[in-house]
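Student: Handing you a structure now.
Only the coordinates and a few stated rules stand behind these numbers; no lab work does. Owing to the predicted nature of the structure, the values given are computational and were not obtained by experimental measurement. Reconstructed Cβ throughout: ideal geometry from the backbone, glycine too, with neighbour counts over all protein chains shown.
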Amino acid sequence: MRKYNFLIALSIVVVDRMAKWLVAAQIALHDSIVVIPGFFSLTHVQNRGAAFGLFDSAAGSWKIAVLVMFSVLALVVVTALLWKNRQPFSAAGIGLSLILGGAVGNLWDRLIEHHVVDFLYFYLGKYHWPAFNVADSAIVAGALLLASEILFAREPHVESPDS
């Protein structure tokens, strides 16, 4: 049954790679295509930092090495947890699969391109969210699924000897 979890992760990697390739091929760097005026655009940016542009402006070659090491460590931990998970279609199993796929997608970019292509840009008036991509979305969705599993998991019902 683990194959389904790894198939979900692989699907995220493929969709992420295709989306980033299309954006890089069709939208010039720093250009945008307005999808919903005043709310959403496809915007081609290159992120040399962490998720949502964190540390993007930090100087130094250490940044890529630290981000790659953190990504590899996260991949090892998530893969081990996924391997131990015996319920592939649980919120935890799907969440870990999404995190794994997203982490691989962004790690691929860091290792090959030395930056991550971000393109999903939401804004409302002067308020805006930093551009992100499919991999980032999968990581956040996976983390939310894991959090929901932790916060809302039901305790197994145990029959008491008095019943």
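Student: Which order do the peptides 36-43, 15-22, 139-146 come out in when sorted by mean C-beta neighbours inside 10 angstrom, highest first?
Tutor: So the order, starting with the most tightly packed, is 139-146, 15-22, 36-43.
Student: When only C-alpha pairs under 8 Å and at least 6 residues apart count, what is the relative contact order of the range 97-157, in percent?
Tutor: Contact order relative to length: 39 percent.
Student: Also, I was wondering about something else. Please order Glu149, Glu113 by the number of other Cβ within 10 Å, starting at the fewest.
Tutor: Going from least to most buried by this count: Glu113, Glu149.
Student: Count the net charge of all other residues whose Cβ sits under 12 Å from the Cβ of Ala103, scoring Lys and Arg as +1 and Asp and Glu as -1.
Tutor: Its environment carries a net charge of -2.
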